[in-house]
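The values are calculated or read from the model by the stated rules, or taken from the named source; none is laboratory data. What you see is a predicted model; the values in this text were computed from it and never measured. Cβ: placed from backbone, ideal geometry, glycine included. Neighbour counts: every protein chain shown.
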Amino acid sequence: MKTCIDSEIGKLEGVVIHTPGSEVENMTPGYAERALYSDILNLSIALNEYSQLVGVLKKITQVFDIKKMLAEILDNRVVKMQLLREICNHEGIPGMEGALAENDASTLAGLLIEGVILERNNLTNYLSPEKFLLRPLHNLFFTRDSAMGMNGKMLIGRMANPVRERETMIMEAIFNNHPAFETDTLNPIKPIHGIPVDAKATLEGGDFQVIRDNIYVIGKGVRTSTQGIDFIIENIKRQGRGTHHIIVQELPSVPESFIHLDMVFTCLDVDTCMVYEPVVYGLSRFKTISIQIDNGKVKIDEQPNITKALKKLGIDLKPVVCGGNEDPWVQEREQWHSGANFFAFEPGKIIGYERNVHTLEELNKNGFEIFRASDIISGKVNTDNYRKCVVTIAGSELARGGGGARCMTMPVCRANVNW
Ligand SMILES: NC(=O)NCCC[C@H](N)C(=O)O
């Protein structure tokens, strides 16, 4: 499949997911914060909820599974040794690649995701407070963040936290080597010759949205830095073709539910978006900056907010308010549990958590029919028969990991949108 992401809403043709495994339970409460969770999770409940998401995705598109694809590329010895060397050097255990390589491909894929226990075979290891030599990838099921489709390329993330860095190495290896994909990767740690990258450059997929082929909205906050966005600008400048626009939305640094742009703003349809009102329109004034790149020349100015900035570019989105218009407490409660984090699988057809009832009611008032995942999976409801709908999945446990439906999906190809 050729990767092709020119919008947030075009009909989904392929999506990358990861079914949570033991890595989500491999932590104690004391480690939850370092693992970037708001709480410790129960895997069996999380899996039950997750099966609703995957069940729906399988009904509507081609689904690619990271663990399976990783095992497949690890069957190639050159790819295996290259990836292991990169991981071991990066994680401060150079020389361990030989021992790890002795595992068969599928066991090794499991170890790289679920973690490798530290053997207490010398004094340093015996006294170490760490349980793992290679730590589990607790957040891999949030596939959105470690790589992102940018038109015909896959942009590899540069994670703000070390606990997620191995995810980017795995994704780059998959996109570069798995026969299922035809793409070019763009990686801030391996920039194209001549493109400067600041050491402070960070970039995560939750902050990155392709609105139209030449319009991007990017969140700038605790996960994506100005230097990370400058890397994107430099790459666009280098392409030198036509005019591109980047709208940058500053995000609050606390609480952790504002980590990414997609926790406060997601696109739902050609004319509708979901917003967490206090951050996107509130008086607190988190800046919205518009950047125009025109044949290599960069022009920057400030805009009142994302939707006004998009309107100037010919995209007129009506905001639906997360939590509804009535009560700021309700808005805050639902935003906390990913109430603004919707994943569009077609224009006007979206997936989100069923727990955020006020947000769903607001969507319903705006013409979205509401269906349970189970009705889609069983075939009782066919979304083709509706112009606008929201498919709801359970999310009591998954939401504690800190994300919703958009965070758990990495689209690799979408059809063109009829704007
Ligand atoms: N796009 C997203 O907002 N992803 C959610 C990531 C949650 C994960 N626990 C993290 O903090 O990175």
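Miscellaneous remarks
- Count of residues meeting criterion [over 26 Å from residue 236 (Cα atoms) and in contact with a Leu (Cβ under 6 Å, 6 or more places away or on another chain)] in the range 140-160: 0
- Residues satisfying the stated conditions in the range 18-44, i.e. assigned to a loop (DSSP other than H, G, I, E, B) and among the aliphatic types (A, V, I, L, M): 27, 35, 36, 40, 41
- Flag not set for residue 382, criterion: out of contact with any strand residue (DSSP E or B) (no Cβ under 8 Å at 6 or more places or on another chain), at pLDDT 95 or above and farther than 17 Å from residue 61 by Cβ.
- First in the range 193-208 and away from the ligand (no atom under 16 Å from the Cβ), second anywhere and modelled with pLDDT under 90, Cβ under 8 Å, 6 or more apart: 194/238; 195/238; 197/191
- The residues in the range 141-165 that are within 15 Å of the chain's Cα centre (by Cα) and either more than 10 Å from the ligand (Cβ to nearest atom) or under 28 Å from residue 214 (Cα atoms) (or both) can be counted, and the count is 17.
- Unique match (being within 30 Å of residue 397 (Cα to Cα) and touching a residue at least 24 places away in the same chain (Cβ under 8 Å)) among 307, 272, 288: 272
- Any hit, the range 293-316, residues being within 16 Å of the ligand (Cβ to nearest atom) and under 29 Å from residue 11 (Cα atoms): no
- Of all residues in the range 285-306 being farther than 15 Å from residue 216 by Cβ and under 23 Å from the mean Cα position of the chain (by Cα), the one that is modelled with the lowest pLDDT: 286
- Of all the residues in the range 24-37, those that are within 12 Å of the ligand (Cβ to nearest atom) and either farther than 30 Å from residue 60 by Cα or among the acidic types (Asp, Glu) (or both) number 6.
- Subset of the range 230-260 that is closer than 16 Å to residue 158 by Cβ and under 16 Å from the mean Cα position of the chain (by Cα) - its residue that is farthest from the ligand (Cβ to nearest atom): 259
- All positions within the range 4-33 that are more than 16 Å from the chain's Cα centre (by Cα) and within 18 Å of residue 146 (Cβ to Cβ): 21, 23, 24
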